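Visitor: Structure in structure tokens, see below.
The values are calculated or read from the model by the stated rules, or taken from the named source; none is laboratory data. Because the structure is predicted, anything quoted here is derived from the model rather than measured. Here the Cβ is made from the backbone with ideal geometry for all residues, glycine too, and neighbour counts use every protein chain on show. Please note that ligands, DNA and RNA were not included when accessible areas were found on the heavy atoms of the full protein model with its side chains. Shrake-Rupley method; radii C 1.70, N 1.55, O 1.52, S 1.80 Å.
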Amino acid sequence: MDYTAARARAQAAESSLNLVEPVTLTSTLRHIEKLRGRKVVIQPMDGPEDQVCGLWFGLDDMDLILHARAASEMHRQQIVLHEFAHMILRHTQEELSPEYARKFFPDLDPDRVVMALKRTDFLDEFEVTAELLADRLAARIRRSQQADRQPSNFGAVFG
């Protein structure tokens, strides 16, 4: 695993997004929807949370991100950003078996699920690069939040 190359790919991917400040999870979502030309829906997952943190499903008419119920909003955000990173990096998805689809979508016809990117090896190149990009996006969001809290001029500080 070449971490230097993975870091460079993550940095290049973030730069190519041309995100407009302030960057938030919502603004990043809207930007990705515009780039992909389709809606991205984010929902908490009911099911085997001990097996999966997040899943990205490409459905016929939208992208669906399911995330495990996280202990904090920051953890939830990181899971979602990781799935965004796979989209941004154009990682291909594995075909989803009907049995796997039924596990997560008991009320949905398994044939309706087109593709899914399911990940179990956190040391593979795709996973490392996606996590590095998710970290970069999270840092942008944190910097934007801090900038919003900082007074921008002398009068704002002293009245």
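Visitor: Looking only at helices (runs of 4 or more DSSP H) that lie completely in segment 46-159, which have at least 1 residues being modelled with pLDDT of 65 or more, open to solvent by 20 Å² or more (accessible area, probe 1.4 Å) and more than 21 Å from L29 (Cα to Cα)?
Guide: 98-104, 125-149
Visitor: While we're looking at this one, here's another question. Looking only at segment 1-20, how many residues end up being in contact with a helix residue (DSSP H, G or I) (Cβ under 6 Å, 6 or more places away or on another chain) and either without any contact (Cβ under 8 Å) to a residue 12 or more places away in the chain or among the acidic types (D, E) (or both)?
Guide: Of the residues in that region, 1 qualify.
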